[in-house]
Amino acid sequence: MIKVGVLGAGTWGTALTIQLAKNGHEVTLWSAVAKEIDALSSDRKTIPNLPGAEMPEEVKLTTDLDEAVREKDLLVFAVASPFVRSVAAKLKDKIREGQIIVNVGKGIEEATLMTLTEVIGDELPQARVAVLSGPSHAEEVSRNIPTAIVVGSEDQKDAAFIQKAFMNDFFRIYTSNDVIGIELGGSLKNVIALAAGCVDGLGYGDNTKAALMTRGIAEICRLGVKMGGQPETFLGLSGVGDLIVTCTSTHSRNHNAGYLIGQGMTTKEAMDEVKQVVEGVFCAKAAKKLAEKYGVEMPIVDEVNKVLFEDKPAKESLVALFTRDAVSEYKK
Ligand SMILES: NC(=O)c1ccc[n+]([C@@H]2O[C@H](COP(=O)([O-])OP(=O)(O)OC[C@H]3O[C@@H](n4cnc5c(N)ncnc54)[C@H](O)[C@@H]3O)[C@@H](O)[C@H]2O)c1
């Protein structure tokens, strides 16, 4: 048994809390959003947006950040990406040297182009920060639907520690040392999921979506390798695995927002309709800047940006992608 503090009580923080508690750990779940904690405290048998899941009685629920992080063996960062830095900054004086933190969020900070693990490390240099990512809808993990994901850390002892904390008969965790590759796969697939949603919203077929997903992972891999990621990571759970789940599932808010945009809504209208943080919209700008910075061609990312921020009709973007110069599939 270890003591775990989970920061962020959205669907993902909540689903992971349920698994950690099931594994026998002492878990404290924190949120900055009081109404999330109130809702969980008032009825542990009905969790918002997680039908069929229950919050175990022994889990402590709190809005007190001190209580959430004090004397914990492991901290889990499950905060929506735009708020990761501000939450980490509040922890500056509360985190001890060598504290193990695992980021489970997905995103790239637009202003700095840092991954979320880098953002946490930037604010909390005394901590040892890992990442846990892969194809994992909270709606399924919270109901024990078999799921496999990967933990990445530069220190394989930390990776094994986190693997052991989360792993059970339904939740399989692999380890890796490719932190940057895992983070880029998990973040950038949200941009491709917006495009896949647009394709569905436009009424195109499976062929079109398969083309977009395959060329999408090719773009992610090109950039990721330039940034130091390992090519096989992009064929793994946090690469192809997460891309498949995000582009094909109705649980994906990025796919759903793309679908609405494909049907004619503006970016703002689609984001309002989805009612959750659509992280791919934030990540799209960052991905474009990273492509420019590293000199990598990312045509799908470019077109997604035009659709999201320049009101280019999604159909015109698809035509632009399909009528690019004829090239070979792999550049040697
Ligand atoms: N939902 C999933 O199935 C899933 C699966 C894997 C990874 N993720 C990733 O995990 C992260 C969290 O996902 P989620 O679905 O729980 O997200 P979410 O959008 O529900 O937000 C998570 C939490 O962020 C915190 N937050 C929101 N506004 C805040 C503010 N102003 N200040 C401080 N904290 C604030 C809240 O605690 C909120 O519950 C995301 O990066 C997401 O990409 C989600």
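The values are calculated or read from the model by the stated rules, or taken from the named source; none is laboratory data. In this text, all values refer to a predicted model and were calculated from it rather than measured experimentally. Quick reminder, even Gly has a Cβ in these numbers, built from the backbone with ideal geometry, and neighbours come from all protein chains shown. Surface areas here come from the heavy atoms of the whole protein model, side chains and all, with no ligands, DNA or RNA. Shrake-Rupley method; radii C 1.70, N 1.55, O 1.52, S 1.80 Å.
Odds and ends about this structure:
- Amide H contacts for Val6 (H built 1.01 Å from N in the peptide plane; partners 5 or more residues away or on another chain; cut-off under 5 Å): Thr28, Leu29, Trp30, Val76.
- Part-to-part distance (alpha-carbon centres) for region 153-223 and region 15-49, which is given in Å: 26 Å
- Atom-type composition of the exposed protein surface of region 213-283 places 60 percent of the accessible area on carbon and sulfur (1.4 angstrom probe).
- Among the GluC sites (Glu not before Pro) within region 51-116, those in coil by DSSP and having at most 16 neighbouring Cβ atoms inside 10 Å are Glu54, Glu57, Glu58, Glu71, Glu97.
- Computed extension length for Ala320-Glu232: 28.7 nm, one decimal, from 0.36 nm per residue of separation with the Cα-Cα distance subtracted.
- For the chain, accessible area per residue (1.4 Å probe, heavy atoms of protein chains only), Å²: 44 Å²
- Computing Rg and the Kirkwood Rh from the Cα coordinates of the chain gives a ratio, Rg/Rh, of 0.97.
- Contour minus Cα-Cα distance for Leu113 and Lys312 (0.36 nm per residue): 69.2 nm
- Using the rule -39500 (n - 2.57) for each DSSP H run of four or more residues, divided by the residues of the chain, the 222 nm mean residue ellipticity is -14500 deg cm²/dmol.
- Here the translational diffusion coefficient of region 62-111 follows from Stokes-Einstein with Rh set to the Kirkwood radius across Cα pairs; for 37 °C and 0.692 mPa s it amounts to 279 µm²/s.
- Relative frequency of Cα-Cα separations exceeding 28 Å in region 180-322, percent: 9 percent
- Viscosity 1.002 mPa s, temperature 20 °C, Stokes-Einstein D of region 37-81 from Kirkwood C-alpha radius, µm²/s: 175 µm²/s
- Sulfur and carbon atoms: percent of accessible area, region 69-202 [1.4 Å]: 49 percent
- For region 170-244, taking the reciprocal of the average inverse distance between every pair of different Cα atoms yields a Kirkwood hydrodynamic radius of 12.7 Å.
- Here's the picture: a label point sits 7 Å out from the Cα of Glu273 along the beta-carbon direction, and within region 249-263 the residues with their amide nitrogen under 14 Å of it are 253-263.
- In this rough spin-label picture, where each label sits 7 Å from Cα along the Cβ direction, the Val33-Ala160 distance is 3.8 nm.
- Modelled FRET efficiency - R0 45 Å, Ala89 with Asp169, Cβ distances, 0.05 increments: 0.75
- Integer Hz, Karplus 6.51/-1.76/1.60 couplings in order for region 226-241, x for Gly and Pro: 4, 8, x, x, 8, x, 5, 4, 6, 8, x, 4, 8, x, 4, x
- Of every Cα-Cα pair in region 3-177, the percent that sits beyond 23 Å: 34 percent
- Total charge dipole magnitude, the chain, about the Cα centre, Cβ charges on Lys, Arg, Asp, Glu only, Debye to nearest 20: 320 debye
- Using θ = phi - 60° and Karplus 6.51 cos²θ - 1.76 cosθ + 1.60, couplings along region 295-310 (whole Hz; Gly, Pro as x): x, 10, 7, 9, x, 5, 4, 4, 5, 4, 4, 5, 5, 6, 10, 10
- Once backbone amide H atoms are built at 1.01 Å from N, Arg172 has Thr147, Ala148, Ile149 as its partners under 5 Å, excluding neighbours fewer than 5 places away on the same chain.
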